[in-house]
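This report refers to the structure that appears directly beneath it.
Bear in mind that the values in this text are calculations on the coordinates, not laboratory data. Since this is a predicted model, take the numbers as computed values, not measurements. Heads up, the Cβs are rebuilt from the backbone with ideal geometry, glycines too, and the neighbour counts pull from every protein chain shown.
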Amino acid sequence: MRVRNGRKSFYEEAMETFHRAADLIGMNPRVRLELEEPDFEHIFYVTVETRDRLVPVDADDGARYRDLPPSDVKAADALEPLANGSFILHRRALLEADITMRKGVIRIPGKGLFRLEKGGPRKFKAYRIQHNQVRGPYKGGIRYHKDVSLDLFKTLAADMTWKTAIAEVPFGGAKGGIKIDPFNYSREEIEHLTLRYVYKFRKFMGPFLDIPAPDVNTNGEIMAIMMRQFTDGEREPHAGRGVVTGKDVRIGGSEGRLRATGQGVVYCIEDWAREKDFQIAGSRVIVQGFGNVGSSTAEILAGLGARIVAVNDAHGTVHSDAGLDVAALYDWVHRNPQNLRRTVAGFPGAAAISRDDFWAVDADICVPAALGEEITGAVAERLRVKVIAEGANGPTTREGDRVLAARRIDVIPDIICNAGGVTVSYYEWLQNQRMEHWTEGEVNQRLERAIKKNYSIIRDIARNRPQRTAHHDSRPYCLGRELDVRTAALVLALRRIEAHYLLEGFSQ
Ligand code: NAD
């Protein structure tokens with residue numbers, strides 16, 4: 001058995017819930033074998049030509065260049081700043097520049113001393129795990145992050161198989177991306193890397209084969225690049241538009257997709273609140289991650305009258321007991337060219353607190369919307385909230401789950417809570433196939449129905465409450481006993497997936 005730090009792999013840990021749910025429904029052994037490992041694990045390499053960079057000279061070394069005269073780089077866009085303090089040096093910078101360089105070091109007024117580092121070819125590890133396609137084309141996000149691995153992508157790909165079944169969209173599950181810290185590369189380098197990824201993976205992608213979408217550190221721009229590379233030179237390029245989702249609405253994206261994951265999180269919270277007789281207006285919320293999912297969830301909840309009292313991200317935490325101005329925070333993070341790491345840190349409208357203190361902020365709702373394994377046992381002990389709405393994928397560890405259950409803190413599991421993204425991705429795909437364009441109202445109406453219906457079924461399975469209402473029917477799924485809500489969600493997914501195998505059979 002593979003172990004990490006004395007523990008099981010992510011995948012093995014995540015699959016414990018799968019096996020528990022499979023046992024509970026008495027899953028056909030052949031179906032279990034089909035689902036317990038991915039259909040395909042693609043690991044490949046992408047190479048790109050990186051540009052020359054100006055890298056800050058450290059203080060000790062800098063003393064040797066005290067008398068170096070400043071250089072005058074005139075073209076305003078010649079130096080492209082990166083989050084790690086370096087600059088990409090575009091060659092056009094040299095056209096009108098007046099430069100003094102000593103042993104590769106130059107002084108840029110107002111910025112300091114920099115050493116010119118030569119660019120060149122670099123190789124990056126890339127992944128696409130296609131977990132299962134029995135219900136439809138492989139579907140799942142593309143993540144650009146330094147901490148990705150086969151183990152992580154297998155887990156996230158399997159989660160997509162469960163999630164698409166829960167959302168009742170005719171897709172399977174996949175996940176992939178590139179092992180890179182994208183904040184240390186220029187837009188052009190990231191574009192080339194993305195083009196290269198599609199160039200290599202093209203044969204395995206397609207609107208009816210495998211459909212990527214944005215995930216951590218990717219967005220509509222990256223999806224546009226992928227679509228272009230996939231359809232370029234095709235006789236009917238429009239027929240390939242559904243090869244990716246999460247596109248800009250002007251090039252075939254869906255209204256409502258940008259905020260769909262956050263909107264789905266809020267529909268789940270609304271349904272939880274209805275059952276608990278809890279008022280969202282006036283409630284207190286803490287949010288981890290202020291990217292696509294975190295910022296849209298915060299914005300929608302604030303619009304319903306909730307107070308967003310603390311936000312944590314990769315580089316800092318901001319806190320305001322009176323509630324943060326979410327629109328101003330969004331501008332600070334996402335519309336501020338100086339904020340290269342796109343972080344909440346330094347936001348002038350709030351106090352900075354430590355990451356540790358973030359988890360202990362007194363609130364009602366906690367929305368983890370960053371990376372996995374954040375709510376550990378120790379964090380779960382400190383939380384002072386009533387419910388965790390999992391915007392992120394896999395934010396809670398098994399130990400975290402045990403502590404939350406013992407402390408009677410409710411959990412809305414990721415595979416229903418953040419299913420709004422893939423649900424509206426399906427609407428986008430449908431609109432692409434039909435060459436239609438739906439309004440945001442239409443999209444959200446369908447999304448609300450889908451999320452609330454399936455979340456109600458999951459809660460009924462958990463409480464063993466078989467019933468049929470005007471909106472949902474949980475009778476075929478309840479098992480005659482109560483379950484934790486995470487296992488209940490898997491029961492719903494596995495029942496729907498298993499039906500395909502049982503009704504379609506196996507070719508030999
Ligand atoms: P994003 O790249 O837009 O934002 C990620 C956020 O997480 C950033 O604010 C970043 O600073 C923060 N973050 C990164 N590392 C952190 C750390 N160690 N501690 C605290 N914060 C950290 O990504 P996103 O698309 O919003 O995705 C966030 C989560 O939601 C991921 O788990 C993703 O798989 C999941 N998700 C996304 C979608 C979608 O439609 N984008 C759909 C379903 C699930």
Point to revise | Cα Rg, Dmax, the range 253-377, angstrom units | key: 13.9, 44
Point to revise | Volume of the Cα convex hull of the range 294-335, divided per residue and given in Å³ | key: 63 Å³
Point to revise | Proxy reagent accessibility, fewest Cβ within 10 Å first, across TYR65, TYR45 | key: TYR45, TYR65
Check your understanding: Out of the range 176-233, which GluC sites (Glu not before Pro) are coil in DSSP terms and have no more than 13 other C-beta atoms within 10 Å?
Key -> none
Exercise for review: Measure nothing fancy, just the Cα-based angle from helix 420-434's long axis to the longest principal axis of the chain, in degrees from 0 to 90, nearest 10.
Suggested key: 90 degrees
Point to revise | Nonlocal amide H pairs with ALA392, under 5 Å, H built at 1.01 Å | key: ALA369, ALA370
Exercise for review: State the antiparallel share, in %, of DSSP beta bridges confined to the chain, rounding to the nearest 5.
Suggested key: 60 percent
Check your understanding: Which number do you get for Rg(Cα) / (2.2 N^0.38 Å) in the range 410-451?
Key -> 1.29
Practice item. With a 10 Å radius around each residue's Cβ, average the other Cβ atoms per peptide and rank 141-148, 260-267, highest first. Key: 260-267, 141-148
**Study point:** Semi-axes of the equivalent ellipsoid for the range 303-444, Cα gyration tensor, largest first, Å
**Key:** 28, 23, 14
Exercise for review: Working from Cα positions, state the angle (0 to 90°, nearest 10) between the long axis of helix 10-24 and the longest principal axis of the chain.
Suggested key: 10 degrees
Practice item. With a cut-off of at most 14 other beta carbons within 10 Å, and DSSP calling the residue loop, which trypsin sites (Lys or Arg not before Pro) in the range 71-106 qualify? Please list them. Key: LYS74, LYS103
Check your understanding: Over the range 315-461, what is the percentage of antiparallel beta bridges among all DSSP beta bridges, to the nearest 5?
Key -> 20 percent
Point to revise | Lysine pairs in the range 74-157 with Cα atoms under 16 Å, if 8 or more residues apart or on separate chains | key: 6
Practice item. Taking the chain as the reference, fit the longest principal axis to its C-alpha atoms, fit the long axis of helix 440-463 to the helix C-alpha atoms, and give the angle between the two in degrees, 0 to 90, nearest 10. Key: 50 degrees
Study note, to complete from the structure: A chain fully extended from ASP58 to ASP77 at 0.36 nm per residue, minus the present Cα-Cα distance, gains in nm 4.4 nm
Study note, to complete from the structure: If amide H atoms are modeled at 1.01 Å from N in the peptide plane, then the residues at a separation of 5 or more from ALA75, or on another chain, having amide H under 5 Å from its own are GLU96
Practice item. Could I get the Rg over Rh figure for the range 1-73? Both from C-alpha atoms, Rh via Kirkwood, rounded to two places. Key: 1.44
Revision key, fill the gap. Inverse of <1/r> over all distinct C-alpha pairs of the range 41-171, i.e. the Kirkwood Rh in Å, gives 18.4 Å
Exercise for review: Using only Cα atoms, locate the centre of the range 297-331 and the centre of the range 471-508, then give the distance between them in Å, rounded to an integer.
Suggested key: 37 Å
**Study point:** Proximal aspartates and glutamates to LYS276, defined as alpha-carbon separation beneath 13 angstrom and excluding residues fewer than eight positions away on the same chain
**Key:** ASP364, ASP410
Review point. The range 178-226 to the range 79-94: how many Å between their Cα centroids?
Key: 23 Å
Exercise for review: Give the percent of DSSP beta bridges with both residues in the range 126-185 that are antiparallel, rounded to the nearest 5.
Suggested key: 60 percent
Revision key, fill the gap. A correct Kirkwood calculation over the Cα atoms of the range 209-319 returns a hydrodynamic radius in Å of 15.9 Å
Exercise for review: Inverting the mean 1/r over all pairs of different Cα atoms, compute the Kirkwood radius of the range 236-278 and quote it in Å.
Suggested key: 12.5 Å
Point to revise | Loop trypsin sites (Lys or Arg not before Pro), the range 189-285 (other Cβ atoms within 10 Å of the site Cβ: 15 or fewer; DSSP) | key: ARG235
Review point. So what are the ³J(HN,Hα) numbers for the range 325-332, from phi and the Karplus equation (6.51, -1.76, 1.60; θ = phi - 60°), rounded to whole Hz, Gly and Pro as x?
Key: 7, 5, 5, 5, 5, 4, 4, 4
Exercise for review: Determine ³J(HN,Hα), in whole Hz, for all residues of the range 291-303 in sequence, where each value follows from phi through the Karplus function 6.51 cos²θ - 1.76 cosθ + 1.60 and θ = phi - 60°; x replaces Gly and Pro.
Suggested key: x, 4, 6, x, 5, 6, 4, 4, 4, 5, 5, 4, x
